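K.L.:
Dumping the structure here so I can ask a few things about it.
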Amino acid sequence: EGGAAEVLDREGGLIAWRVDMDDNWRVPVELKRVSPWLISATIAAEDKRFMTHGGVDLMAACRAAAQNIRYGRRISGASTITMQSIRLLLPRERTWSTKASESFRALQIERQRGKEDILQLYLNLAPYGGNVIGAEAAARHYFGKSAFELTLGEASLLAGIPQSPARFNPRKHLDEAMKRREFVLARLLALGLATGDEISKARREPIVIIQQARQTQAPRFVDFLLQHRKQPGGIINTTIDPRAQTIAQDVIEKHYRELHPAGVDGMATVVIDVNEASLAAMVGSANPEDPASGCINGATALRQPGSLLKPFIYAIAYESGRLTPDATVYDVPSAWKGYRPENMDREYMGPIPAAEALRLSRNIPAVRLLETIGEDALSLRINSMGLRTAANTGRYGLSLALGTAEMRLVDLANAYATLARMGSYVPLRVSKGDTLEKGKKIFSPSSTWLTLRSLGMKDKGAACQVVWKTGTSWNQRDAWAIVITPRRVAAVWCGCLSGIGNSKLTGAEAALPIALEIMGSLEGPSGKPWLRPDGVRTRKVCAISGEPAGFACSHTIDGEYIPGVSDDSTCGIHRITYVCGKAKAETRWPPEVEAFMATSRRNPEASAAKSKGIAVLSPRCEGEYVICPADQTLPRELELIAGGGKEKKIYWYLDGRLLGLSNGGESLRWMMQPGEHEVVAADSLGESRSVRFSVRQMD
């Protein structure tokens, strides 16, 4: 470890170089990891009697002295590889006394260390042009490969550079470097270190100096990585998936071009592999070259997450038995000791099922739930998932439900990975050497299942299991979206780094399309799906209250619950009273709900049959479509059409992959392919419908 850092993705591809403290490219390498051709070429070029002398080459010294006297100036120095290693290790002004000292130390080191150790020292200290130090750095800098992979032609070129690094720098003076290479090849042949055929082949070998690589392809990720390493130098093998990283960068850059003109200068994304608990991609800045915003890592910046903590509040409520997804919560004007939160749309929906309140991200029900479960309960859970904040979460009070505590995108993404693992938290791995720790139970599988269902997850019959949550911070300073599947988490943040609000910054409009596009490009068939745990059952509940149905409940539905945990008290909204001996059904809401309903004229009884929401109009459910190559009049494209729903934009998934986006009332065309298919239409509120169909090709 030490020196410059070489950051690699999980497949061994180069992500970044980072110079050492002296601003040099330096990657230490063991001699056994150096091409034998480079060792032979270095000896031929610098010290042909290296293997036989004791540190000082007396024959070379006599020859150099004679040449210098004859020409009246310094022609040759006669420094051996051992002496050069001493000079590179302990640089001093060049004088006769320095030369004598180097000779003495060379004799000493030759007695103490073997030839291989001295060669390794030299190959790690030798200058190879510019700020490139050492053979490994040179091989990667000029040829994009390790020193072990060098060919004879490449090794001969590198071996010639240290004699005059500025003159023989192949990136600046390739012609001079090639002339020097020819000298090295001739010396190899003369010394019998290579055969005539090998030399001829090396001379025909094309030398391609790679284009100088950018210092890093993901600068903000590299910053994040190196800040968490005790020894930042050396070769670092990370968990970054090159395909996921490329997709994330491309999608972020595309949407940045669309949002930047509107004043949005911050954009970041994180992709997590759920099973491996590893960071698959991180883009901290859409424009790393920007001097103002490019140096800030949006993935690790502390920002207010808006509604992203709400799923955890509901999970705690489900786990404690206080709530089930169908139970009614109240979205009505409320106040707590002067704290008067509002919904983002500044409207209220009255009594509403808990699952719908979470899916629509209603603020008032979330604050009410937090008051019920307690702020300490939420703080304990989110801290257990690594969601550290700028300060103790206890000081935020009930506003914690609305995301007033500042958090990091990378931590939020890993917290949502806990939901993807059915309640099991695993610390995020960034380096391949990091231990995959055993999962720690944060939520029960049953409460996690109910939370995922509340967010809009389909059951095990769906080919594409995907849910998401959006968030918008106060005054629209930050827009968030986190999309999760059983395999991955894709999290996105958009914002103004100045902290100024922007009307474009809503989670559904700014961040969600980015996250869905990233996930859609990454996901194939979902593999192992989320399965309903044994601890979740179905019972008949009142269609209005969502509580176990009583005698007075006129409409019932099937509702999921956790046996032995969920409250089994029968519906408290409907009751039978007797007036003059006659039974009468009554509906009684809490006083604040009654007051709201009286002023808003809302009547939940009239909508006991729940809205079907979004509907897939084409293709037909279980329909069969035919491709007939012989009949050119028959269409090859299938129109995907959705109706209903509350949102204008529809996201289409086909067999687990994001196919495209359509506006309400418009169709999306798909070139038909034979086989069994499932199409899912979803809106940004989490409502979705799926249809299975088949396509058959006629001969």
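The values are calculated or read from the model by the stated rules, or taken from the named source; none is laboratory data. As the structure is a prediction and not an experimental result, all values here were calculated from the model. Glycine also receives a Cβ, built like all others from the backbone with ideal geometry; neighbour counts cover every protein chain displayed. Side chains included, ligands, DNA and RNA excluded: accessible areas come from the protein's heavy atoms. Shrake-Rupley method; radii C 1.70, N 1.55, O 1.52, S 1.80 Å.
K.L.:
Counting heavy atoms of the protein chains only and a 1.4 Å probe, report the per residue accessible area for the stretch 398-521 as a whole number of Å².
P.N.:
Values: 3670 Å² over 124 residues.
Spelled out: the 1.4 Å probe surface of the stretch 398-521, per residue, equals 30 Å².
K.L.:
A follow-up question, please. Sort Thr451, Thr577, Thr538 by heavy-atom solvent-accessible area, probe 1.4 angstrom, most to least.
P.N.:
The ordering from most to least exposed comes out as Thr538, Thr577, Thr451.
K.L.:
In a Debye calculation with equal point scatterers on the alpha-carbon sites of the stretch 339-440 and no solvent, what is log10 I(q)/I(0) at q = 0.09 Å⁻¹?
P.N.:
-0.28
K.L.:
So what does Phe224 come to for accessible area, using a 1.4 Å probe and Å² rounded to 10?
P.N.:
Probe radius 1.4 Å; accessible area of Phe224 about 20 Å².
K.L.:
Once the whole set of protein chains is in place, how much accessible area is left on Val430, using a 1.4 Å probe, in Å² to the nearest 10?
P.N.:
Counting only protein heavy atoms, the figure is 20 Å².
K.L.:
For the stretch 147-300, which whole-number percentage of the solvent-accessible area (1.4 Å probe, protein heavy atoms only) is attributable to carbon and sulfur atoms?
P.N.:
On the way: 3650 of 7270 Å².
C and S fraction of accessible area: 50 percent.
K.L.:
When only the heavy atoms of the protein chains count and the probe is 1.4 Å, how do Phe148, Phe143 rank by accessible area, highest first? Can you show the working numbers first?
P.N.:
On the way: Phe148 95, Phe143 20 Å².
The most accessible residue leads, giving Phe148, Phe143.
K.L.:
So, counting K/R as plus one and D/E as minus one, what does the shell of residues with Cβ under 13 Å around Pro206 add up to?
P.N.:
The answer is +2.
K.L.:
At 1.4 Å probe size, what's the solvent-accessible area of Arg636? Round to the nearest 10 Å².
P.N.:
Rounded to the nearest 10, that gives 110 Å².
K.L.:
Could you order Glu622, Glu406 so the one with the most accessible surface comes first? Probe is 1.4 Å.
P.N.:
Working: Glu622 135, Glu406 70 Å².
These residues rank, largest area first, as Glu622, Glu406.
K.L.:
Right, here's the next one. Report, in listed order, any pair from Lys432/Lys504; Lys432/Lys649; Lys310/Lys649 with a Cα-Cα distance greater than 31 Å.
P.N.:
Too far apart for the 31 Å limit: Lys432/Lys504; Lys432/Lys649.
K.L.:
What percentage of the solvent-accessible surface of the stretch 473-526, computed with a 1.4 Å probe over protein heavy atoms, is contributed by carbon and sulfur atoms? Write down the numbers at each step before the final one.
P.N.:
Details: 740 of 1490 Å².
Accessible surface attributable to carbon and sulfur in the stretch 473-526 totals 50 percent.
K.L.:
Give the Rg/Rh ratio for the stretch 250-296, taking Rg as the radius of gyration of the Cα atoms and Rh as the Kirkwood radius, to two decimals.
P.N.:
On the way: Rg = 12.4 Å, Rh = 11.6 Å.
A ratio of 1.07.
K.L.:
What order do you get for 651-662, 298-309 when each peptide is scored by the mean count of other beta carbon atoms within 10 Å, highest first?
P.N.:
Numbers: 651-662: 19.3, 298-309: 24.2.
Ranking the peptides 651-662, 298-309 by packing returns 298-309, 651-662.
K.L.:
So which of Lys254/Lys469; Lys440/Lys469; Lys337/Lys440 end up more than 29 Å apart by C-alpha?
P.N.:
Values: Lys254/Lys469 22 Å; Lys440/Lys469 23 Å; Lys337/Lys440 37 Å.
The pairs that break the limit, which is 29 Å between Cα atoms, are Lys337/Lys440.
K.L.:
Now for a different question. Please state the relative contact order of the stretch 171-312 as a whole percent: Cα pairs under 8 Å, 6+ residues apart?
P.N.:
On the way: 118 pairs, mean separation 26.8, N = 142.
Taking the mean separation of contacting Cα pairs over the length of the stretch 171-312, I get 19 percent.
K.L.:
Here is a further query. Based on the mean of other beta carbon atoms within 10 Å per residue, what is the order of 351-359, 163-171, most packed first?
P.N.:
On the way: 351-359: 23.9, 163-171: 17.1.
In descending order of packing, they fall as 351-359, 163-171.
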